[in-house]
Structures are given as C-alpha cells and as structure tokens.
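This report concerns only the one structure given below.
The values are calculated or read from the model by the stated rules, or taken from the named source; none is laboratory data. Here the structure is a predicted model, which means the values were calculated and not measured. Here the Cβ is made from the backbone with ideal geometry for all residues, glycine too, and neighbour counts use every protein chain on show.
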Amino acid sequence: MTWSQIPNIITLLRILLVVPTGWLLWSARYPEALTLMAIAGASDALDGALARRYQWSSDFGATMDPVADKLLVIVMFIIFTLQEHIPLWLAIVVIGRDTIILGGAGVYRLLFKEIEMSPTFASKVNTASQIVTVILVLLVLCRFGWLSEIVSILLDPWGFYLLAVFGIGSGIDYVITWSSKAWRKGHGQP
C-alpha cells in the first residue's frame with residue numbers, strides 16, 4: 001500500500017459504514033446512526049481533502065466517492081420510507097431519478113464505449129439536499145427537544161417539496177446534458 005491509496009481506503013470504509021448505519025436505522029437506534037453519519041461525513045471530507053492536497057486523486061476515487069454517498073442516502077431513504085418518516089412519493093422521485101441517470105449512463109456507455117462521469121452543478125445541489133434531508137429526518141427522530149420540533153416543522157412538507165424540485169430539476173438537467181453530448185458524439189462533433 002502506498003500513501004496515495006489512503007483516500008480510496010477511506011472511501012471503502014465509508015461504503016462499509018452503510019451496513020451498520022442501515023441496521024441502526026432499521027432498529028430505531030437513531031442517535032447511534034447519527035454518530036455513524038457524522039463519521040461518514042467527516043471521512044468524506046477527509047478523503048477529498050487528502051486527494052486534493054497531495055494530488056492523490058484516482059479514477060477509483062472519482063467513481064466510488066459519489067457512489068459511497070449515494071449508497072448511504074438511498075439506504076436511508078428506503079428505510080425511512082418503510083418506517084413512514086419520508087413519504088413514498090419523495091422516495092420514488094429520489095430513487096427514480098438515480099435509476100434514470102444510471103440507465104442513461106449505461107446506454108451512453110453501450111453506444112460510445114466510454115463515459116466521463118462528471119456531476120453537474122444541479123446534481124451536486126441535489127445530492128447535498130438529499131444528505132441534508134436525511135440528516136434532518138434523523139435529527140427529528142433523535143428527539144432533541146425544541147431543535148427536533150423546529151426541524152420537523154421546516155422539513156415536512158416544505159423541505160420534502162424542495163428536495164423533490166431539486167431532484168426533478170437535476171434529473172431533467174442530466175437528461176438534457178447527456179442527450180446533447182450523445183447527439184454531438186453521434187454526429188462526430190466534440
């Protein structure tokens with residue numbers, strides 16, 4: 001192992017945190033799950049800082065870092081939906097958007113044999129909103145007194161509506177962006 005692999009190892013550890021976080025959520029052990037979320041967030045910041053500071057970036061890290069984030073968020077959305085803390089329609093928007101994007105990326109790769117994954121600004125805003133939403137749901141479920149009450153008022157329904165708008169908007173942005181790239185590539189344009 002070389003020093004440059006440290007960010008990748010941190011990313012792998014963050015992926016492994018999905019299982020115990022999901023189990024804690026399913027078991028309604030919300031404060032412990034919040035602790036693991038904090039660890040996952042800190043590790044995400046750390047691996048990114050190390051990769052940028054020491055030029056330890058890699059194709060693996062560029063691909064797996066957002067996958068680690070998405071995996072945790074999707075698991076949380078599924079569990080919170082099954083526990084009826086997040087409405088089903090919102091889970092359909094969030095998971096449906098990601099499914100459409102993955103399907104489109106698969107078709108693009110099938111047609112053109114290569115794909116450069118680069119999230120758009122709208123996608124970054126959407127992912128950040130998803131993470132904030134699940135953390136806010138978790139704060140409500142931890143029952144931190146007045147803080148949880150205020151968060152609950154802001155989150156349901158207005159925070160859910162806002163996340164749906166970001167999800168639909170960033171999904172449309174991806175479809176337009178990648179359809180345009182596919183059209184240009186199919187017609188021999190850069």
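Remarks
Rundown of residues vs (1) modelled with pLDDT of 90 or more; (2) in contact with a Leu (Cβ under 6 Å, 6 or more places away or on another chain); (3) more than 26 Å from PRO87 (Cβ to Cβ), yes/no style:
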site	(1), (2), (3)
THR2	no, no, yes
LEU36	yes, yes, no
ALA51	no, no, yes
ASP59	no, no, yes
ASP69	no, no, no
ILE74	yes, no, no
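- Within region 168-182, being among the small types (Gly, Ala, Ser), surrounded by 14 or more Cβ atoms within 10 Å (Cβ to Cβ) and at pLDDT below 90 holds for one residue alone: ALA182.
- Residue within region 6-22 that is touching a residue at least 60 places away in the same chain (Cβ under 8 Å), closer than 18 Å to VAL134 by Cα and not aromatic (Phe, Trp, Tyr) present: no
- Looking across region 122-163, the residues that are within 14 Å of the chain's Cα centre (by Cα) and among the hydrophobic types (A, V, I, L, M, F, W, C) come down to ALA122, VAL125, ALA128, ILE131, VAL132, VAL134, ILE135, LEU163.
- Those helices (runs of 4 or more DSSP H) of region 96-190 in which at least 1 residues are under 25 Å from ALA62 (Cβ atoms) and of a type in the set (D, E, K, R), considering only elements entirely within it, cover 121-141, 160-186.
- Extreme residue, surrounded by the fewest Cβ atoms within 10 Å (Cβ to Cβ), among residues of region 85-95 that are assigned to a helix (DSSP H, G or I) and either in contact (Cβ under 8 Å) with a residue 60 or more places away in the chain or under 17 Å from the mean Cα position of the chain (by Cα) (or both): TRP89
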